[in-house]
1. Give the distance, in whole Å, between the Cα centre of segment 43-66 and the Cα centre of segment 69-110.
2. Restricting the count to DSSP beta bridges whose residues both fall in segment 1-83, what percent are antiparallel, rounded to a multiple of 5?
3. Pull out a ≥ b ≥ c, the square roots of the eigenvalues of the alpha-carbon gyration tensor of the chain, then state rounded if a/c is under 1.5, prolate if not and a/b is larger than b/c, and oblate in the remaining case.
4. Which ordering of 19, 141, 70 is given by a fewest-first count of other beta-carbon atoms within 10 Å?
5. Taking the Cα atoms only, what angle lies between the long axis of helix 120-129 and the longest principal axis of the chain, rounded to 10 degrees?
6. As a footprinting exposure proxy, order 93, 118 by other Cβ within 10 Å, with the fewest listed first.
7. Go ahead and estimate [θ] at 222 nm for the chain from helices alone: -39,500 (n - 2.57) per DSSP H run with n ≥ 4, summed, over the residue count, rounded to 500.
8. Under a point-charge model restricted to the Cβ atoms of Lys and Arg (+1) and Asp and Glu (-1), what is the dipole moment magnitude of the chain relative to its Cα centre, in debye to the nearest 20?
Amino acid sequence: MRYAYPYTMEPQPEGGFTVTFPDVPEAITEGDTAAEARARAEDALVAALSFYTDDARPLPTPSAARGRPVAVVPPLVAAKLALHDAMLATGISNVELGRRLDLEEKAARRLRDPLHRSHIGQIEAALRLLGKRLEIRVLEVI
């Protein structure tokens, strides 16, 4: 899955811009300029998606952009979200994942926490245990 979510940016009467994500209502941010609001969009998205992983809830499915700007989560966060999705799909708990990886539950929980830095190799190993393979693509910037 591609963890890229469209957003809307609205100018505010008092100045500045507000960014909201229709698919992730918890994600909202603002900036004094459009550029500042765009720059903050990714952080707001990652923080909001962490609520879903904290509560072991399914992640919202991104809708089609339809001309709207899109915020794409960083690669490490995408790997963590993919692990979260795989754990929900297979019914594997943090405790069970930790047991299989020889990690404490707290360490296993952090592997799917978008706000915690983890080693990509650990996330890759966890995904492999769940029958998934991590791939990275490099695309031209447009």
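Read-outs: derived from the displayed coordinates by stated rules, not from any lab. None of these values were measured; they are calculated from a predicted model. Note that we place each Cβ from the backbone using ideal geometry, even for glycine, and neighbour counts take in every protein chain shown.
1. First find each Cα centre; the distance between them is then 14 Å.
2. Numbers: 11 of 11 bridges.
In segment 1-83, DSSP labels about 100 percent of beta bridges as antiparallel.
3. On the way: a/c = 2.43, a/b = 2.04, b/c = 1.19.
The shape class here is prolate.
4. Values: 19 25, 141 3, 70 15.
Going from sparsest to densest Cβ surroundings: 141, 70, 19.
5. Relative to the chain, helix 120-129 is tipped by roughly 60 degrees.
6. Values: 93 14, 118 18.
Arranged by neighbour count, lowest to highest, 93, 118 become 93, 118.
7. Numbers: 5 runs with 62 residues, N = 142.
About -13500 deg cm²/dmol.
8. Numbers: 18 positive and 20 negative charges, 141 e Å.
Computed about the Cα centre, the dipole is about 680 debye.
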